[in-house]
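If you scroll down you'll find the structure; I have some questions about it.
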Amino acid sequence: MKIFGLDLQQYETKKEPDFRVRDKLETITVPLKGGFGTSLSPRVEVGDEVEAGEIIARNDDSTSTPALASLAGEVIEIVKLDSYHEETGDKLEAKVPGIKINVSSNQGTNGSGVDWEKEKPKNLRELLYLAGLTSFGQTGVPTEFNSSLFSPTEVEHVLINGVKTEPFVHHLIDYGEEFTLFKTGLEILARAFPKSQIHFVLDRNTRENLEELSSSQRIKIHIVEYESYMSKSKMLARNILGEEKLDEGGYLLDHGLLVLPEIFPLAAYRAVVEGTPFIRGRLSLSGPATEDRVVETPIGAPIKYALGEDIMDKAEELTIMGGPLSGNKLENLDLPVNKNMDSLVQLPKPQGSQVLAWLHPGLGKNSYTNAFFSALAPNRKKVADSGLHGEERPCVYCGWCSDVCPVDILPFQILKTYDHGMVDEVNRLQPQRCVDCGLCSYVCPSKLPLSETVKRAKQDQPGENHNYVEYEEDEEGLMSVITPEDEKGRGEESE
Amino acid sequence: MNRLERLMSDISSYTEDNPYLQHITEVIDTVRSIVFEPGVSADKSPFLRDYIEIKRYMFAVVLAVAPAALASIYFYGWRALAMIVVSYVAGGIAEVTFTLIRKEEITEGFLVTGILFPLTLPPNTPLWMVAVGIIVGVILGKEVFGGTGYNIFNPALVGRVFLTTTFPVATSSEWLIPMTGGWAGFKQFSVDTVTSATPLGVFANSGTLAPLRDLFFGNIPGCLGESSALLVLAGGIFMILARIIDWRVPVSYLGSVFLYSALGTYLWPNQVAPPVFQLLAGGLLFGAIYMATDPVSSPTTKEAKWVYGVFLGVMTVSIRAFSGYPEGVTYSILLMNMFAPLFDEMVMTFRYGPIQKPYK
Ligand code: SF4
Ligand code: SF4
């Protein structure tokens, strides 16, 4: 409980998610991209029979990670799927190819694992690559197989982000039951990147529920405060690498840091010890408008199916991919599950047209200010919906957006200068520090699009500050990534 | 949608299509948005949003100043209420006219200016003068700069300075003596016992100090809202606890007045009044709590707020002690409003370094 400041824990329901496996499918559509890297060209044709775990698309001459069939069956179609910008959520012109498979068997693979303690690091990295795991991370996991813009020797730190502090979002790992496997996964990573330090970061609240966390020399366990912005990898990176370094911009791997999602160690364990490639992803489903679940489902299953029939048709509610503070709207529930999806949150739409809403006492209204009666009842659960709760107005310079910003920038100044096209001013205000936590927009009484503007300002940064992968269409209308080399080349031309 | 709301949206779509009534659509829409929260979803992340909005924000300020406004009726009769109503009506018309000309949305900032302005005036200000003052304040203090959010000066103070410089006799030669005891002003329309000076004026002329107890509870002549230090302070504490204003400006302003006048009264006892008297007399508390904290015209960064407050304090005490005017709060705040962007710029330069010009 806080008297002053933002307390988003007041939204939480704290329900234990219900774990389900959903693998009875008739068709799946494997997207030929998932995470970092170019879209792949299919290696199979319509009519081919594929096995679960078989590589169905691979490009060796460009930075990429192979795509695997997640279930056995017959290829019936090569389709084009809609794609969305990873950061802004905008729908892109370009399409991603997908391979549609008519499922013949719901059996998993029957691969066999290796004794990881005896394998060479290089072989472990190869196993990760073949298991389809190297597309994770901001710029891919470095291996000998062109899976990343960087090479394995450049990895100094590996950070596993186990912080789930945005409201409602669940952990994908059951740290009670699966912790032994998870820990082995961390050790496998330590062996695969022998020169690096492994960091596993958890939030304080989750830590309390864990029995014992032994950190070894190679694996460091960090506990961070339960604040919503702590779930942002860039925030954790700032804590581990130091702020000055990151203020310079660039990819995290430019500074030797590889950030991986929570699911990675478990997936690495399965790939290496059990011989099961990454063909089943996990999704957390939560929010006041729905059930609390963690589903394990084959990659390529329609999202709707993965969620479960009982909640399929809640079209009224807003489904968000990622957390409610920084995720993007999910427009189409028929899209297939891809490797990078980890959380869906459903928020109810606001009740329409309330009479004099601003005069209501507001016992259930969470606010950064104490201007509602809810300030007197901090333990009462707060109503969460997707409402804007007001209208857009000019900035009144209350300064709250900069008060809540965890990295000390002045979002309202960036908004003002960005809207006036004052590029030098914007750059001075260091938008590249922003970790996309969304809190500035959360608190703004004028409902201004602050975090969105800072995000755009950050993407417009000159020089080598390309924090984000950009997409453009290639000849076939498929997406490709602009690598730093491309970018440099362009810069020179235009100068 | 209930019937009333449907009616309003019908009217607004009718006026929008009608070439003669087009321009009042904005007014109807504003009224509608004040009455009904539209219940729209956030379009971009974050999808979860705070419940605070500008209407609630401004309303909290009005709520905080309400006890002082009620007290002004108690001290000076119902005429005080008439001044507030005139200010709202005249200022509202000016505001709406301007937004219609500019075809922009009407903003809620006026809710606050409309009540703060009359509270800074002497209780016997003629009603027509209240109207002139608020119109000037809204137009010259705010609209010419582009409306709420773009103004450099506090609009209420611009209106007040206009009146005190244009009509000096009417606004500062006679002061009403407040009524107390029983129902006092609640039973009558106006008060007519007059005196020639406020406690600050008395001190400037004769060096006599009014009793602190009267200053604190409000038994002294002065402007409408500033009579009772107690109620002004209560409003300020409410706003600080509700987080509507930042505590740094009032604390640094009042703190520097206290320190500077403590030093000053030791060095120049005839000119500088002692610190507690300085704090309680005149418009200082009202200005520090309601005027200097106006977020638009004050600095926005924390560090600059401290600097701003300290400068305000030094300036106020200096004007009170060494100039021809007994009171200096209004001038100090307006003057410092001009420096607010500069203070912010200094803080940003300190924090981020100067603006880098490319290709230098
Ligand atoms: S929170 Fe909104 S209104 Fe307040 S300073 Fe920031 S942008 Fe302006
Ligand atoms: S600018 Fe906004 S989104 Fe970015 S870190 Fe600060 S508060 Fe978060």
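If you take the beta carbon distance between A:Leu376 and A:Lys349 as r and set R0 to 30 Å, what does 1/(1 + (r/R0)^6) give as a FRET efficiency, to the nearest 0.05?
E between A:Leu376 and A:Lys349, to the nearest 0.05, is 0.60.
What are the semi-axes of the equivalent ellipsoid of the stretch B:166-225, taken as the square roots of 5 times the eigenvalues of the Cα gyration tensor, listed largest first and rounded to whole Å?
That gives 21, 17, 8 Å for the three semi-axes.
When the dipole is taken about the Cα centre of the protein assembly as shown, and only Lys, Arg (+1) and Asp, Glu (-1) are charged at their Cβ, what size is it in debye, to the nearest 20?
So the dipole magnitude of the protein assembly as shown works out to roughly 3480 debye.
Using just the helices of chain B, give the 222 nm mean residue ellipticity in deg cm²/dmol: DSSP H runs with n ≥ 4 each add -39,500 (n - 2.57), and the total is spread over all residues, rounded to 500.
-19000 deg cm²/dmol
Once the Cα atoms of the stretch B:308-352 are picked out, what are the Rg and Dmax in Å?
Cα radius of gyration and Dmax of the stretch B:308-352 are 12.6, 42 Å respectively.
Expressed as a rounded percentage, what relative contact order does the stretch B:204-291 have, with Cα pairs under 8 Å and six or more residues apart?
The normalised contact order for the stretch B:204-291 reaches 34 percent.
Mind checking the angle between helix A:179-192 and chain A's longest principal axis? C-alpha axes, 0 to 90 degrees, to the nearest 10.
70
What FRET efficiency do you get for A:Phe179 and B:Phe339 if R0 is 41 Å and r is their Cβ-Cβ distance, rounded to the nearest 0.05?
Efficiency, from the Cβ-Cβ distance: 0.10.
Here's something else I'd like to know. Considering only DSSP beta bridges with both partners in the protein assembly as shown, what is the antiparallel share in %, to the nearest 5?
Around 65 percent antiparallel, to the nearest 5.
Here's a follow-up. Any idea what the alpha-carbon Rg over 2.2 N^0.38 Å comes to for the stretch A:47-175?
It is 1.25.
5 Å is the cut-off here: which amide hydrogens, built 1.01 Å from N in the peptide plane, fall below it relative to A:Tyr226, excluding neighbours closer than 5 in sequence?
Distant-sequence amide H within range of A:Tyr226: A:Arg204, A:Asn205.
Further, regarding this structure: Ordered by residue, what ³J(HN,Hα) values in Hz, to whole numbers, does the stretch A:360-366 give under the Karplus form 6.51 cos²θ - 1.76 cosθ + 1.60, where θ = phi - 60° and Gly and Pro are x?
4, x, x, 5, x, 9, 6
Right, next: Below 8 Å between Cα atoms, with a sequence gap of 6+, how large is the relative contact order for the stretch A:352-459 in percent?
24
I'd like the antiparallel share, as a percent to the nearest 5, of DSSP beta bridges with both residues in chain A.
60
May I pose another question? May I ask you to compute the full-extension gain from A:Lys118 to A:Glu26, defined as 0.36 nm times their residue separation minus their alpha-carbon distance, rounded to one decimal in nm?
Answer, rounded to one decimal: 29.1 nm.
With +1 on each Lys and Arg Cβ and -1 on each Asp and Glu Cβ, and nothing else charged, work out how big the dipole of chain B is about its Cα centre, in Debye to the nearest 20.
Value, rounded to 20: 680 debye.
Name the long-range amide H neighbours of A:Val259: under 5 Å, sequence gap of 5 or more, or other chain; modelled H, no Pro or chain starts.
Under 5 Å from the amide H of A:Val259: A:Gln138, A:Leu159.
Name every cysteine in the protein assembly as shown that ends up alone, with no second cysteine's Cβ under 4.7 Å, or say none.
Flagged as lacking a Cys partner: A:Cys395, A:Cys398, A:Cys405, A:Cys434, A:Cys437, A:Cys444, B:Cys223.
In nm, to one decimal, how far is the B:Val144 label point from the B:Ser173 one, both placed 7 Å along Cα→Cβ?
Simple spin-label model gives 2.8 nm for this pair.
Next up: What FRET efficiency comes out for the pair A:Ile311/A:Gln107, r = Cβ-Cβ distance, R0 = 41 Å, nearest 0.05?
0.90
I need the semi-axes of the equivalent ellipsoid of the stretch B:45-347: take the C-alpha gyration tensor, multiply each eigenvalue by 5, square-root it, list largest first in whole angstrom.
29, 24, 18
Choose one of B:Leu334, B:Ile319, B:Met346: the residue whose Cα lies farthest towards the positive end of the charge dipole of the stretch B:298-360 (beta-carbon charges +1 Lys, Arg; -1 Asp, Glu; about the Cα centre).
So the residue furthest toward the plus end is B:Met346.
Mind listing which GluC sites (Glu not before Pro) in the stretch A:121-176 are in a DSSP loop and have 13 or fewer other Cβ atoms within 10 Å?
Those that pass, being in a loop and sparsely packed, are A:Glu144.
Test of understanding: what is the full-extension gain from B:Phe186 to B:Leu259, defined as 0.36 nm times their sequence separation minus their Cα-Cα distance?
22.4 nm
Still on this structure: Under 10 Å, Cα contacts only: if you run a Gaussian network model on chain B, which one of B:Gly207, B:Gly185, B:Gly313 comes out with the highest mean-square fluctuation?
Comparing B:Gly207, B:Gly185, B:Gly313 in the GNM, the peak value goes to B:Gly207.
Here is a further query. Work out, step by step, the length gained on full extension between B:Trp247 and B:Thr195: first 0.36 nm times the residue separation, then minus their alpha carbon distance; give nm to one decimal.
This chain segment gains 15.2 nm when fully extended.
While we're on this one: Using the Cα centre as the reference, give the magnitude of the dipole from point charges on the C-beta atoms of chain A (Lys, Arg: +1; Asp, Glu: -1; all else neutral), rounded to the nearest 20 debye.
Dipole magnitude for chain A comes out near 1640 debye.
Given the DSSP H assignment, sum -39500 (n - 2.57) over each helix run of at least 4 residues in chain A and divide by its residue total; what's the result at 222 nm in deg cm²/dmol, nearest 500?
It comes out at -5500 deg cm²/dmol, rounded to the nearest 500.
Semi-axes of the equivalent ellipsoid of the stretch A:352-459: what are they in whole Å, largest first, if each equals the square root of 5 times a C-alpha gyration tensor eigenvalue?
After diagonalising the Cα gyration tensor, the semi-axes are 29, 15, 11 Å.
Taking H placed 1.01 Å from N in the peptide plane, check which residues at least 5 places from A:Gln197 or on another chain put their amide H under 5 Å from its amide H.
A:His157, A:Val158
Among B:Gly182, B:Gly159, B:Gly264, which one shows the highest mean-square fluctuation when chain B is modelled as a Gaussian network with alpha-carbon springs under 10 Å?
B:Gly182
Based on the alpha carbon coordinates of the stretch B:235-320, what radius of gyration and maximum Cα-Cα distance (Dmax) apply, in Å?
12.9, 40
May I pose another question? With no solvent and one equal point scatterer placed on each C-alpha of the protein assembly as shown, evaluate the Debye formula and give log10 I(q)/I(0) for q = 0.07, 0.09, 0.11 Å⁻¹, two decimals.
Scattering profile of the protein assembly as shown, log10 relative to I(0): -0.65, -0.94, -1.22.
Find the centroid of the Cα atoms in the stretch B:144-188 and in the stretch A:362-394, then give the distance between the two in whole Å.
Comparing the Cα centres of the stretch B:144-188 and the stretch A:362-394, I get a distance of 35 Å.
Working from Cα positions, state the angle (0 to 90°, nearest 10) between the long axis of helix A:450-459 and the longest principal axis of chain A.
Helix A:450-459 sits at roughly 50 degrees to that axis.
How big is Rg to Rh over the stretch B:1-149, alpha-carbon atoms, Rh as the Kirkwood inverse-mean-distance radius?
Answer for the stretch B:1-149: 1.03.
Also, I was wondering about something else. Going by alpha carbons, how many degrees (0 to 90, nearest 10) lie between the helix axis of B:3-17 and the longest principal axis of chain B?
80
Since every read-out is calculated from the coordinates, none of them should be taken as a lab result. Everything numeric here is computed off the predicted structure, so don't read it as measured data. All Cβ positions, glycine included, derive from the backbone under ideal geometry; neighbour counts span all protein chains shown.
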